[in-house]
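Data first, discussion second: the structure below is written as structure tokens.
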Amino acid sequence: QVQLVESGGGLVEPGGSLRLSCAASGSIFSIGVMGWYRQAPGKQREVVASITRPGSTNYEDSVKGRFTISRDNAKNTVYLQMNSLKPEDAAVYYCNADVKVMTAWGTKGFSYWGQGTQVTVSS
């Protein structure tokens with residue numbers, strides 16, 4: 001019904017940059033908060049950054065000043081620009097979106113996840 005497709009992960013050297021994208025498609029009425037999470041091996045999934053529809057942002061402390069989240073509401077897409085990457089940033093990155101879909105009884109909200117994209121930071 002609704003799909004989130006991520007792209008942009010890969011291998012980068014410490015200090016390098018990557019830009020992740022996540023496009024939502026399907027029977028979308030509207031999208032509220034969109035966010036990026038990450039999960040490293042043996043660790044719990046953690047929120048990295050989030051952005052509201054009007055554009056208010058929040059960041060996990062360790063990425064402040066290095067990562068920038070943005071979105072294009074016309075394209076139902078959220079981005080994560082990651083600069084000055086560190087080995088500890090390596091993880092599978094997932095996007096998440098709070099999506100309202102139209103049903104026979106009106107709109108209903110769901111939380112959707114992308115499939116994840118691997119980010120590896122290594123020399």
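The values are calculated or read from the model by the stated rules, or taken from the named source; none is laboratory data. This structure is a prediction, so every number in the text was calculated from the model and none was measured. Cβ atoms come from the backbone with ideal geometry, glycine included; neighbour counts cover every protein chain shown. Only protein heavy atoms, including side chains, enter the accessible area calculation; ligands, DNA and RNA are left aside. Shrake-Rupley method; radii C 1.70, N 1.55, O 1.52, S 1.80 Å.
Can you name the number of the only condition in (1) in a loop (DSSP other than H, G, I, E, B); (2) among the charged types (D, E, K, R); (3) under 19 Å from Leu4 (Cβ atoms) that Lys43 fails? Unmet condition: (3).
Filter segment 47-63 for residues that are over 11 Å from the mean Cα position of the chain (by Cα) and either farther than 18 Å from Val121 by Cα or at pLDDT below 95 (or both) and give the result. Thr52, Arg53, Pro54, Gly55, Ser56, Thr57, Asn58, Tyr59, Glu60, Asp61 - these are the residues of segment 47-63 that are over 11 Å from the mean Cα position of the chain (by Cα) and either farther than 18 Å from Val121 by Cα or at pLDDT below 95 (or both).
For (1) free of Cβ contacts under 8 Å to residues at least 12 places away in the same chain; (2) surrounded by fewer than 16 Cβ atoms within 10 Å (Cβ to Cβ), each residue gets a yes or a no:
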site	(1), (2)
Arg38	no, no
Pro54	yes, yes
Asn58	yes, yes
Ser62	no, yes
Arg66	no, yes
Asn76	no, no
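Within segment 78-90, the set of residues being free of Cβ contacts under 8 Å to residues at least 60 places away in the same chain and part of a loop (DSSP other than H, G, I, E, B) comprises Ala90 only. With respect to (1) in a strand (DSSP E or B); (2) farther than 19 Å from Gly16 by Cα; (3) of a type outside the set (Gly, Ala, Ser), the lone exception for Tyr93 is condition (2).
Quick grid of which residues meet (1) among the aromatic types (Phe, Trp, Tyr); (2) closer than 19 Å to Val119 by Cα:
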{"position": "Gly9", "(1), (2)": "no, yes"}
{"position": "Gly15", "(1), (2)": "no, yes"}
{"position": "Phe29", "(1), (2)": "yes, no"}
{"position": "Val33", "(1), (2)": "no, no"}
{"position": "Lys43", "(1), (2)": "no, yes"}
{"position": "Gly55", "(1), (2)": "no, no"}
{"position": "Arg71", "(1), (2)": "no, no"}
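Within the set Ser70, Ser123, the sole residue that is of a type in the set (Gly, Ala, Ser) and open to solvent by 60 Å² or more (accessible area, probe 1.4 Å) turns out to be Ser123. Residues of segment 3-18 that are surrounded by 14 or more Cβ atoms within 10 Å (Cβ to Cβ) and not in a loop (DSSP other than H, G, I, E, B): Leu4, Val5, Glu6, Val12, Leu18. Against the definition (of a type in the set (Asp, Glu) and out of contact with any Ser or Thr (no Cβ under 9 Å at 6 or more places or on another chain)), how does Glu46 come out, yes or no? Judged against the criteria, Glu46 is a match.
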